[in-house]
Amino acid sequence: MIRLVLVGGGHSHLEILRRQILTPRRDLSLTLVSQFDRQHYSGMVPGFLAGLYSEPQISFELSPLVTRAAGVFTRARVAGLRPGSRHVLLEHGEPIPYDLVSFGIGSGVSGSDTPGVREHAFSVKPIGQAVAVKAALETLAVRARGNGSPARVTVVGAGAAGFEIACAAEAVLSGAAVLSGTAAQVVQLVDGGDQLLAGTPEPVRRLALKALRSKSIGLRLGSRVTAVSASGVVLATGETLPSDLTIWTTGPAAPEVFRDSGLALDPSGFLLVNDALRSISDPAVLGAGDCVSLESHPETPKAGVYAVREAPILWESITAALDGMPPPRYRPQSGFLSLLSTADRRAVLHYGPVALWSSLSFRLKDAIDRRFVRRYQRLI
């Protein structure tokens, strides 16, 4: 019996559970370790924050899925990995032995060591923290409605996540303002770079900027945040922006779990894997999604769509290891359909040369997202 340990309940590991439920390998002893009982689908989190979806609509209970896969669910935070002895180390509890281990834990957020970020800023990474962000937004909206003063939200990081979350925050606060007749709410998006949605084509950036302006969301580019307090954010210029709620959505950071493992990492600290999604140091260690970097395609973006596409390859790599067969080869797609929610039942669509901000784009996004979630929820 081969002991397979899945660390994290991310997109790729949901598919491993589905495959094991539908076509079970009797020679596999499966354990899934996660610090959360539920796994939230990242693509629907902005809609959840804006009130378009409930938590059950965007998440999966992990324990029933693992049970259906004839596995064991362990709720714990993984603190490290010892490839030499083949043990997964837990923050609290006995180490878990493995023959194969796979990581689907996503990434952290860069700059989290900035003074005050851990104490005063919210983040949606790990993705389960979205529930706390939603509660904080709603509490702020209620408070503003009660005292008649504007609520101020600062979203740090003008990438895709920051853009969607700023739109979601504006939707929550403007709704509260309309109900109470209070002063206009203040939502601002701050980034040290010089572009909104850096790396995307100019037509997409223009549509995103148009969306922000239509919602009176402020955009401060070239404004690096050097500190966060309970009442504001401090910029490198020394200026302080008042903020009742700060949400940190900067770029991806490598998970700490790999730091002392002795495995090969990329320059940023992400697990370095080959085309079979196996560690280039140890074929017994696998990984997919944002927590890894592909040795042959290091430029691959840290985006959920790649984790979804990697999932079948990860399963094939695991079964190839069990059967002593040649490993599969993953080739990341050159492009993908991008759909960014603007929290008003519209979305910015980008695919090839096409850029569109419309309700039709949102309906497409909603259909794709709901189909993905149903694929796993119906297994429970």
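The values are calculated or read from the model by the stated rules, or taken from the named source; none is laboratory data. From a predicted model like this one, the values you see are computed outputs, not experimental measurements. When we count neighbours, we look across all protein chains shown, and the Cβ atoms used for this are built from the backbone with ideal geometry, even at glycine. Side chains are part of the model used for accessible areas, which takes the heavy atoms of the whole protein and leaves out ligands, DNA and RNA. Shrake-Rupley method; radii C 1.70, N 1.55, O 1.52, S 1.80 Å.
Which residue fluctuates most in the GNM of the chain (Cα springs below 10 Å): E170, E239, E15?
Answer for the Gaussian network model of the chain: E239.
Measure of size requested: the Rg and Dmax of the range 226-356, with Cα atoms as the atom set and Å as the unit; please supply both.
Reported Rg and Dmax, both Å: 19.4, 61.
What is the ratio of the Cα radius of gyration of the range 330-380 to 2.2 N^0.38 Å, with N the residue count, to two decimals?
Details: Rg = 13.1 Å, N = 51, 2.2 N^0.38 = 9.8 Å.
So the range 330-380 has a normalised radius of gyration of 1.33.
Quick check: Cα centre of the range 84-105 to Cα centre of the range 281-318, how many Å?
19 Å
Counting only heavy atoms of protein chains, what accessible area per residue, in Å², does the range 187-232 have with a probe of 1.4 Å?
Numbers: 2250 Å² over 46 residues.
It amounts to 49 Å² per residue over the range 187-232.
Taking the Cα centre of the chain as origin, work out the dipole magnitude from +1 charges on Lys and Arg Cβ and -1 charges on Asp and Glu Cβ, in debye rounded to 20. Write down the numbers at each step before the final one.
Details: 39 positive and 32 negative charges, 227 e Å.
The dipole of the chain has a size of about 1100 debye.
Using square roots of five times the C-alpha gyration tensor eigenvalues, list the equivalent-ellipsoid semi-axes of the range 272-320 in whole Å, biggest first. List each step's numbers first, then the result.
Values: eigenvalues 51, 35, 12 Å².
Each semi-axis is the square root of five times an eigenvalue, giving 16, 13, 8 Å.
I want to verify a result. In a Gaussian network model of the chain, Cα cutoff 10 Å, which of these has the top mean-square fluctuation: P255, P95, P353?
Sorting by GNM fluctuation, first place goes to P353.
Calculate, for the range 8-128, the solvent-accessible area per residue in square angstrom, rolling a 1.4 angstrom probe over the heavy atoms of the protein chains. Before the final figure, lay out the partial values.
On the way: 4980 Å² over 121 residues.
Per-residue accessible area for the range 8-128 comes out at 41 Å².
How much of the accessible area of the chain, in percent, comes from carbon and sulfur atoms when a 1.4 Å probe is used?
Numbers: 8680 of 16490 Å².
Carbon and sulfur: 53 percent of the exposed surface of the chain.
Using the Cα centre of the range 1-107 as the reference point, and only Cβ charges (+1 on K/R, -1 on D/E), how large is the resulting charge dipole? Debye, rounded to the nearest 20. Could the numbers behind the result be given before it?
Working: 11 positive and 8 negative charges, 57 e Å.
Once rounded to the nearest 20, the dipole reads 280 debye.
Enter the angle in degrees (range 0 to 90, nearest 10) between the Cα long axis of helix 11-22 and the first principal axis of the Cα atoms of the chain, meaning the one along which they spread out most.
Once rounded, one gets 50 degrees.
For the chain, modelled as a Gaussian network with Cα springs under 10 Å, which listed residue fluctuates most, T319, T342, T249?
Sorting by GNM fluctuation, first place goes to T319.
Find how much the distance from A264 to L364 grows on full extension, using 0.36 nm per residue of separation minus their present alpha carbon separation; answer in nm with one decimal. Show your work: numbers first, answer last.
Numbers: separation 100, 0.36 × 100 = 36.00 nm, distance 3.97 nm.
The A264-L364 span can extend by a further 32.0 nm.
Which order do M44, M325 take when ranked by solvent-accessible area (1.4 Å probe, heavy atoms of all protein chains), largest first?
Working: M44 0, M325 115 Å².
Highest to lowest solvent-accessible surface, that is M325, M44.
Suppose all protein chains stay in the model; what accessible area per residue would a 1.4 Å probe give for the range 246-339, in Å²?
Working: 3920 Å² over 94 residues.
Dividing the accessible area of the range 246-339 by its residue count gives 42 Å².
Could you tell me the extents of the range 290-380's C-alpha atoms along the three principal axes, largest first, rounded to whole Å?
Here the spans come out as 50, 36, 20 Å, largest first.
Among A321, V373, C291, which residue has its Cα positioned farthest towards the positive end of the charge dipole of the range 265-380, with +1 placed on the Cβ of Lys and Arg, -1 on the Cβ of Asp and Glu, and the dipole taken about the Cα centre?
Farthest towards the positive end: V373.
Can you give the direction-averaged projected area of the convex hull of the alpha-carbon atoms in the chain, in nm²? Display every interim value, and only then the final one.
Numbers: hull surface 74.7 nm².
Seen from a random direction, the Cα hull of the chain projects 18.7 nm² on average.
Return the ratio Rg/(2.2 N^0.38 Å) for the range 158-268, where Rg is computed over Cα atoms only. It would help to have the intermediate numbers written out before the result.
On the way: Rg = 16.8 Å, N = 111, 2.2 N^0.38 = 13.2 Å.
Rounded to two decimals, the normalised Rg is 1.28.
For the chain, what is the percent of antiparallel DSSP beta bridges, rounded to the nearest 5?
On the way: 30 of 64 bridges.
So the antiparallel bridges in the chain amount to around 45 percent.
Could you give the spread of the C-alpha atoms of the range 55-131 along their three principal axes, from largest to smallest, in whole angstroms?
In descending order, the Cα extents are 40, 37, 19 Å.
If only Cα atoms are counted, what is the Rg of the range 235-289, and what is its Dmax, in Å?
Gyration radius and largest Cα-Cα distance of the range 235-289: 17.4, 50 Å.
Using only DSSP helix segments of four residues or longer, with each worth -39500 (n - 2.57), what per-residue ellipticity at 222 nm results for the chain after dividing by its residue count and rounding to 500? Write down the numbers at each step before the final one.
On the way: 10 runs with 123 residues, N = 380.
So the calculated ellipticity at 222 nm is -10000 deg cm²/dmol.
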